[in-house]
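The values are calculated or read from the model by the stated rules, or taken from the named source; none is laboratory data. As the structure is a prediction and not an experimental result, all values here were calculated from the model. Cβ sites come from the backbone with ideal geometry, for glycine too, and all protein chains shown count toward neighbours. Calculation scope for accessible area: heavy atoms of the full protein, side chains included, ligands and nucleic acids excluded. Shrake-Rupley method; radii C 1.70, N 1.55, O 1.52, S 1.80 Å.
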Amino acid sequence: MNEVIKNLLERRSIRKFIDKEISKEDLDLILKAGTFAPTASGKQSPTMVVINGNDLNELEKINAEIYGKNDHPFYGAKLAILVLGDATNKNTIYDGSLVMGNLMNAAHSLGIGSCWIHRAKETFEREDGKKFLKKWGLSGEYTGIGYCILGYADSDSPKPAERKENYVIFA
């Protein structure tokens, strides 16, 4: 089977990680794959922010508060790539979603687990979220698309769910 198709079929969301750092080379490849995601009119409107340490911990607390659960919505990942969209671009959600897909598929191809974490939109609508944008030197209007958490899986990949009936319809 073609290696690209194999990776697409085998990628799963990972929600438990070992304490092992991702190499700079692998992270750079994952980020590069994100920059090559298709975007409407080739505008390359998304922005990626690599987050770890205290910023990641603080954002996880905000995420948990929005989620309404007192747990760890980043599942112990030590690294996340936040995808932001230009809020003035009508295609920003689509463009950012394609970036997220490229990030997750690239990570899987390198043996690195990933998971799309939601509530980035709500986080960066809040004043405490906007403070991070300012801290990172970002000005303008941004929409949070998602967090792509990354790490090495602490167990085997989950089995895929059965594909739903009528997933594909030929017109």
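Yes or no, residue by residue, for (1) within 19 Å of Gly101 (Cβ to Cβ); (2) among the hydrophobic types (A, V, I, L, M, F, W, C); (3) part of a loop (DSSP other than H, G, I, E, B); (4) touching a strand residue (DSSP E or B) at 6+ places or on another chain (Cβ under 6 Å):
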| site | (1), (2), (3), (4) |
| --- | --- |
| Leu27 | yes, yes, no, no |
| Lys32 | yes, no, no, no |
| Val49 | yes, yes, no, yes |
| Asn57 | no, no, no, no |
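Of the residues contained in the stretch 69-77, none is found to be of a type in the set (Phe, Trp, Tyr), in contact (Cβ under 8 Å) with a residue 40 or more places away in the chain and out of contact with any strand residue (DSSP E or B) (no Cβ under 7 Å at 6 or more places or on another chain). Of everything listed in (1) at pLDDT below 95; (2) open to solvent by less than 40 Å² (accessible area, probe 1.4 Å), the single unmet condition for Ile30 is (1).
Given the criteria over 14 Å from Val49 (Cβ atoms) and free of Cβ contacts under 8 Å to residues at least 12 places away in the same chain, does Glu127 qualify? In short, yes.
Which members of the stretch 1-25 meet the condition of being in a loop (DSSP other than H, G, I, E, B), hydrophobic (A, V, I, L, M, F, W, C) and surrounded by 13 or more Cβ atoms within 10 Å (Cβ to Cβ)?
Here is the first cut: in the stretch 1-25, the ones in a loop (DSSP other than H, G, I, E, B) are 1-2, 11-12, 14-16, 18-23.
Now drop any that are not hydrophobic (A, V, I, L, M, F, W, C), which leaves 1, 14, 18, 22.
The answer is Ile14, Ile22.
Out of Ile62, Ile14, Ile93, report the one residue that is more than 12 Å from Leu150 (Cβ to Cβ), touching a strand residue (DSSP E or B) at 6+ places or on another chain (Cβ under 8 Å) and not small (Gly, Ala, Ser). Talk me through it step by step, then tell me what you get.
Details: Ile62 fails: touching a strand residue (DSSP E or B) at 6+ places or on another chain (Cβ under 8 Å); Ile14 fails: more than 12 Å from Leu150 (Cβ to Cβ).
Answer to the selection: Ile93.
Restricting attention to the stretch 17-59, the residues being of a type in the set (Gly, Ala, Ser) and within 15 Å of Ile145 (Cβ to Cβ) number 4.
When the stretch 34-47 is filtered for residues that are assigned to a loop (DSSP other than H, G, I, E, B) and either among the hydroxyl-bearing types (Ser, Thr, Tyr) or on the phi > 0 side of the Ramachandran plot (or both), the ones remaining, listed by number, are Thr39, Gln44, Ser45. Residues that are part of a helix (DSSP H, G or I) and small (Gly, Ala, Ser) were ranked within the stretch 102-150; the one that is surrounded by the fewest Cβ atoms within 10 Å (Cβ to Cβ) is Ser109.
Given the structure, is Ile66 among the hydrophobic types (A, V, I, L, M, F, W, C), in a helix (DSSP H, G or I) and without any contact (Cβ under 8 Å) to a residue 12 or more places away in the chain? No; evaluated as a whole, the condition is false for this residue. When the stretch 151-167 is filtered for residues that are loosely packed, with under 11 Cβ neighbours inside 10 Å and closer than 29 Å to Ser23 by Cα, the ones remaining, listed by number, are Asp156, Lys159, Pro160.
Do the conditions hold for Gly96, that is, is it in a helix (DSSP H, G or I) and under 23 Å from Asp26 (Cα atoms)?
yes
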